[in-house]
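Asker: My questions will all concern the structure given below.
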Amino acid sequence: MVLIDFSGRGFTDEVFFHMEWESVRIGLNDYFWLLLSFFVLLFFYVYLIRKIYKKLPTLNQRLIITVLAIGLTLLILPLTGYARLYNSTLDFLRIDASNLDEQRIKQYVELGVMKNDRITPRMNLHAETQVGSKNLILIYLESFNEGLTQHPKFPDLTPNLNQLSEQFQSFKHLSSSYVTIEGIISSQCGTLLPMTAGNNTFLRSGQLLSRMPCLGDVLKKAGYNQYYLGGAAMEFAGKGQFFEDHGYDYVWGWEYWREQGMKQRAGVWGLSDTELFEQAIKVIETADKAKPYNLTLLTLGTHLPGYPYAECLPYKESNDNFIHAIHCTDQLLGQFFEKLNDKNLLENTLVVIVADHGVFPTPEMKSLFGDMVEDRTLIGLTNFTESLPDEVLSSYDLAPTILDMLDVRHNAGFLYGQSLFSDAKANQKYATRYSDWDIEKKTMIANKAGECTVAAKQLSWPLNSCDKKSLLAQTNKLLEFYSDKAPEEVLGCEVDIELKSKSQSSDNSNQLLIDDINHFKHFYYEGYSLNYFNLGNGFFVFELNADMKIMEHRYYKDTLLGTQQFLKWRHSNPNHLLVVVKTSNKEILKKLAINLDYEDMDIQVLQYIGNSLKSHHALNLDDSASLTTCF
């Protein structure tokens with residue numbers, strides 16, 4: 001419900017892309033009373049049906065009512081949301097069988113919708129800064145159309161942004177995205193992101209676009225220290241893994257802020273924007289001592305249903321929560337820049353303010369803003385001092401444009417993205433997953449039904465439905481090409497296992513070695529690579545199939561809750577499990593029902609097949625143990 005409400009488009013690909021526990025938690029938080037009402041009504045409905053059923057005097061009458069009820073259900077079901085959910089699920093999971101067609105891709109490049117048919121792999125990336133390189137402050141405002149700043153229904157809703165637009169330069173920013181992770185990847189990596197089940201798997205494994213150069217990779221190569229700050233959980237839609245894999249040194253979301261002792265406010269998702277901007281000031285003060293730096297920040301306040309904060313003054317002309325949230329974000333942004341100016345922290349610093357995507361086109365948003373909801377032009381401001389070309393810019397053009405503004409010399413190319421300063425910009429065509437842009441009218445154009453254009457002919461704009469489907473399929477194939485697929489890892493029947501902390505390893509990394517191969521990089525917790533932290537306690541689980549192939553890596557914290565989660569999962573799993581437990585908690589060792597003679601050892605190595613414990617070894621850090629894994 002929460003995902004469909006947020007997307008405003010029903011059961012679209014982005015709904016499945018965000019199906020995870022964090023979405024459930026947000027939904028329970030924001031829609032608690034609505035959900036409670038639904039279940040209360042459902043209870044009374046079932047109660048009423050049972051009462052009627054019991055009053056029927058004969059078995060034949062009950063059977064007739066039952067058959068009629070089932071028949072009516074089957075007749076209505078195809079017209080309901082459940083049928084749409086089923087069909088949409090099949091579409092999302094359907095494997096794209098098309099092959100990489102270089103001739104077709106060249107057609108899209110010639111048309112101007114794609115920039116390159118091949119790009120420099122990240123391993124061959126070169127980048128360097130010039131003397132006096134500028135710092136970068138890149139701010140993503142959640143769900144922020146340009147039209148919010150001058151909406152006739154809500155005058156003076158964003159006075160601070162309006163003032164910044166007079167001090168800064170604005171640029172016409174066309175959205176290429178519909179949800180946050182899509183907007184981030186599009187703007188950071190210069191590409192459309194077909195939201196397929198395959199890409200979702202790559203993203204959550206940290207492998208999506210792992211060989212493609214993105215903004216963070218170029219800046220890292222050029223010597224930038226890079227920070228990402230957000231209020232939401234980093235595991236949500238894989239943001240944490242993406243930023244970690246693309247050059248960001250510090251990736252801080254709700255998990256990090258919680259560890260720093262910060263509390264989540266009642267009725268608020270993650271860390272409040274008030275505290276996020278306060279932390280950003282502190283980070284910039286630190287980063288300013290080791291230039292150049294890139295601070296990337298993503299707000300949360302204007303995510304549906306809207307999160308205004310107590311520190312903000314309400315908007316006097318409306319009682320709507322989302323309107324108050326927009327007004328609050330504007331106030332916090334104004335205070336942020338006032339503090340930066342007071343502390344002289346904007347000297348030699350490029351500021352870029354954009355949105356991750358536009359307002360979701362829900363009935364509520366359409367009621368508030370009318371046609372503006374369908375105008376997908378986003379906020380776009382910068383303090384860049386030279387004149388900007390009079391050209392439009394799509395979200396996927398941001399990375400090359402920012403690199404030019406920073407005067408970073410590099411050899412990175414982007415599949416779609418073209419710099420605002422590119423000579424070829426005037427001939428560029430702009431696409432999204434759902435429709436295309438009419439640049440002259442600044443409106444979206446639907447892709448009409450049609451047959452795919454043959455290779456010998458030139459493509460026309462806007463694309464027809466077949467050519468659009470082909471564009472997304474070929475884009476997906478290119479993204480797969482630039483994404484690492486984890487090689488199959490198969491354990492032998494005799495293996496050596498060893499666990500080392502950063503201080504014990506030669507390359508200052510945590511290591512979980514099986515036959516000298518480090519598996520620690522495969523373990524994540526709440527969106528963060530565990531290698532990001534010092535070696536802590538927990539359960540490091542390898543799930544193996546009958547051929548001893550590693551199917552999955554899992555991590556559980558060594559808390560009582562984490563132990564319960566591990567035991568519940570283990571009892572339901574018939575496969576071979578190799579479990580490395582690092583803990584000093586005797587209560588947890590008792591729950592594992594292992595020999596407490598080994599309780600003073602740092603590490604317990606357990607092997608299960610189904611619910612049967614097959615072997616148990618104990619060792620200390622930096623020691624190794626030889627295991628027999630075939631039973």
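The values are calculated or read from the model by the stated rules, or taken from the named source; none is laboratory data. Everything numeric here is computed off the predicted structure, so don't read it as measured data. Cβ placement follows ideal geometry from the backbone for every residue including glycine, while neighbour counts extend to all protein chains displayed. Only protein heavy atoms, including side chains, enter the accessible area calculation; ligands, DNA and RNA are left aside. Shrake-Rupley method; radii C 1.70, N 1.55, O 1.52, S 1.80 Å.
Asker: Counting only protein heavy atoms and using a 1.4 Å probe, what share of the accessible area of the stretch 476-631 belongs to carbon plus sulfur, as a whole percent?
Answerer: Carbon and sulfur together cover 45 percent of it.
Asker: Which value, in debye to the nearest 20, gives the size of the charge dipole of the stretch 486-631 about its Cα centre, when Lys and Arg are +1 and Asp and Glu are -1 at the Cβ?
Answerer: Computed about the Cα centre, the dipole is about 640 debye.
Asker: Accessible area per residue for the stretch 103-193 in Å², computed with a 1.4 Å probe and the full protein assembly in place, what is it?
Answerer: With the other protein chains kept in place, the stretch 103-193 gives 36 Å² per residue.
Asker: How would Lys220, Lys55 rank on accessible area, largest to smallest, probe 1.4 Å?
Answerer: Numbers: Lys220 90, Lys55 160 Å².
Of Lys220, Lys55, the descending order of accessible area is Lys55, Lys220.
Asker: Let me ask something additional. Quick check: convex hull of the Cα atoms in the stretch 239-303, volume per residue, rounded to a whole Å³? Walk me through the intermediate numbers first.
Answerer: Numbers: hull volume 6.5 nm³, N = 65.
Spelled out: Cα convex hull of the stretch 239-303, divided by residues, is 99 Å³.
Asker: Could I ask something else about it? Can you give the local net charge around Ser165? Use residues other than it whose beta-carbon is closer than 14 angstrom to its beta-carbon, Lys and Arg +1, Asp and Glu -1.
Answerer: Residues near Ser165 contribute -3 overall.
Asker: Turning to a different aspect of this structure: In the neighborhood of Leu512, defined by Cβ-to-Cβ distances under 10 Å, what is the net charge if each Lys or Arg adds +1 and each Asp or Glu adds -1?
Answerer: Details: positive: Lys500, Lys521, Lys582; negative: Glu498.
Once all neighbours under 10 Å are counted, the net charge is +2.
Asker: Dipole size in debye (nearest 20) for the stretch 415-471 around its Cα centre, Lys and Arg Cβ +1, Asp and Glu Cβ -1?
Answerer: That gives the stretch 415-471 a dipole magnitude of about 120 debye.
Asker: Moving on. Using 20 Å as the Cα-Cα cut-off, could you pick out the over-long pairs in Lys220/Lys557; Lys115/Lys429; Lys316/Lys339; Lys549/Lys590?
Answerer: Lys220/Lys557; Lys316/Lys339; Lys549/Lys590
Asker: A further question follows. If I take every Cα pair under 8 Å that is 6 or more residues apart in the stretch 536-620, average their sequence separation and divide by the length, what percent do I get for the relative contact order?
Answerer: 27
Asker: Turning to a different aspect of this structure: Evaluate the stretch 268-356: find the radius of gyration of its Cα atoms, find its Kirkwood radius, and give the ratio Rg to Rh.
Answerer: 1.01
Asker: Just how much of Tyr524 is accessible, in Å², when a 1.4 Å probe is used and the result is rounded to the nearest 10?
Answerer: 60
Asker: Taking Rh as the Kirkwood radius, which is the inverse of the mean 1/r over Cα pairs, what is the Rg/Rh value for the stretch 201-321?
Answerer: Values: Rg = 16.2 Å, Rh = 15.8 Å.
Rg divided by Rh gives 1.02.
Asker: How much accessible surface does Lys477 have with a 1.4 Å probe, in Å² rounded to 10?
Answerer: 40
Asker: If you don't mind, another one. Taking a cut-off of 24 Å, what percent of all Cα-Cα pairs in the stretch 356-507 are separated by more than that?
Answerer: It works out to 56 percent of all Cα pairs.
Asker: Charges at C-beta only: +1 for Lys and Arg, -1 for Asp and Glu. How large is the resulting dipole of the stretch 374-485 about its Cα centre, in Debye rounded to 20?
Answerer: For this selection, approximately 520 debye.
Asker: Find the accessible area per residue for the stretch 283-331; the probe is 1.4 Å, ligands and nucleic acids are left out, and the unit is Å².
Answerer: Values: 1880 Å² over 49 residues.
Accessible area per residue: 38 Å².
Asker: Could you report the stretch 409-465's accessible area per residue, 1.4 Å probe, as an integer in Å²?
Answerer: Heavy-atom SASA per residue in the stretch 409-465 reads 54 Å².
Asker: Report the one residue of Tyr434, Leu398, Ser422 whose Cα lies farthest in the direction of the positive end of the charge dipole of the stretch 350-462 (charges on C-beta: Lys and Arg +1, Asp and Glu -1; origin at the Cα centre).
Answerer: Sorting the options by dipole projection puts first Tyr434.
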